[in-house]
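**Q** Questions regarding the structure given below will be posed in turn.
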Amino acid sequence: MTKQDRAVRTRLALIRSAAEHFEARGYVRASLSEISAGAGVSSGALHFHFANKAAVAEAVEHAAARALRRVAGRGRGGDGCALQRLVDVTHHVARLLCADVVVRAGLRLNAEAVAGRVRDLRREWRECVHALLAEAERRGELAAGMPPHRSSAVVLAATTGIEVLGREDPGWLARPSLTDLWHLLLPCVAAPHLAGALDPAGTEPEHAGPDIGREPDIGRDADLGREPGVGKEAGVGKEPGVGKEADASREPDVGRDTGGALEEPGRAGLALR
């Protein structure tokens, strides 16, 4: 394993550990010592990659934003009925939230608005909903009296509410909950000729989605060490007095998260409120 691979693995392990602590304890209560211990690395290794806790939180939000952007893009980039694609993408997002602690933590951090950051993790979702409903209007899929701006408000309020409720009870993010939601919404939003043609449970099998949130070749992503406060990956091991990356390489599965946002180097990986 090269120094670059060890550096990437350490960074991913730190992001995942940070996500677990931020989700469980919030930004203020989570400590850098807990985060480094959870990643199985020294405090020096953490500070090699991140200048402070705000930089760690920023990296978590960045990874969450990438995952959400990729999922939202699945709906906007598809073919066929726009309303069905909107239903499908809500199920994709729900599965991502259930599977990926980095995405959940990123949303919590974004809600807390810590360290004065202004990234809006819901923007991609809003844009996805607006775009799909605008397309649905052009295709004649919307009910009379339900222009895109009105239907968008309803869909965004409902899906955001489910995401918030899902923080305390993951059952809100389960397929039956979303299916019930769409059973109620579709008769109000969809044109009558689509009655019976749309599937509120989504058109993909329950188990579909291992690729949700994955960013191809993230282990070789040129931007992966360019987050604010992050050390240059190519320089790992060349900084005197800084935590040694060799310690991180002793954890063979550190940094792996097959749910979506993070995955170990050399495999496809890294990835609403």
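**Q** What are the pairs with Cβ atoms under 7 angstrom where one residue, in segment 188-207, is surrounded by fewer than 18 Cβ atoms within 10 Å (Cβ to Cβ) and the other, located anywhere, is part of a helix (DSSP H, G or I) and of a type in the set (D, E, K, R)? Sequence gap at least six, or different chains.
**A** Ala201/Arg175; Thr203/Asp88; Glu204/Asp88; Glu206/Arg175
So that you can scan it fast, the table gives a plain yes or no per residue for (1) in a loop (DSSP other than H, G, I, E, B); (2) modelled with pLDDT of 95 or more:
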position	(1), (2)
Glu23	no, no
Ser33	no, yes
Ser36	no, yes
Glu61	no, no
Val71	no, no
Gly78	yes, no
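**Q** With respect to Ala157, is the statement that it is surrounded by fewer than 14 Cβ atoms within 10 Å (Cβ to Cβ) and closer than 20 Å to Leu68 by Cα true?
**A** Judged against the criteria, Ala157 is a match.
**Q** Any idea which of (1) touching a Gly at 6+ places or on another chain (Cβ under 6 Å); (2) open to solvent by 50 Å² or more (accessible area, probe 1.4 Å) is the one Leu173 doesn't satisfy?
**A** Looking at each condition in turn, Leu173 falls short on (2).
**Q** May I ask you to list the residues in segment 127-145 that are open to solvent by less than 30 Å² (accessible area, probe 1.4 Å) and over 26 Å from the mean Cα position of the chain (by Cα)?
**A** Glu141, Leu142, Ala143
Quick grid of which residues meet (1) part of a helix (DSSP H, G or I); (2) farther than 30 Å from His21 by Cβ; (3) among the β-branched types (Val, Ile, Thr); (4) in contact with an Asp or Glu (Cβ under 8 Å, 6 or more places away or on another chain):
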position: Arg85; (1), (2), (3), (4): yes, yes, no, no
position: Arg95; (1), (2), (3), (4): yes, no, no, no
position: Asn110; (1), (2), (3), (4): yes, no, no, yes
position: Val129; (1), (2), (3), (4): yes, yes, yes, no
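**Q** Starting from residues that are in a loop (DSSP other than H, G, I, E, B) and polar (S, T, N, Q), keep the ones in segment 38-59 and report whichever is surrounded by the most Cβ atoms within 10 Å (Cβ to Cβ).
**A** The residue in question is Ser42.
The values are calculated or read from the model by the stated rules, or taken from the named source; none is laboratory data. Just so we're clear, the structure is a prediction, and the values are computed from it rather than from any experiment. Don't worry about glycine lacking a Cβ; one is built from the backbone with ideal geometry, like all the others, and counts go over all protein chains shown. To get the accessible areas, we keep the full protein, side chains included, count just its heavy atoms, and leave off ligands, DNA and RNA. Shrake-Rupley method; radii C 1.70, N 1.55, O 1.52, S 1.80 Å.
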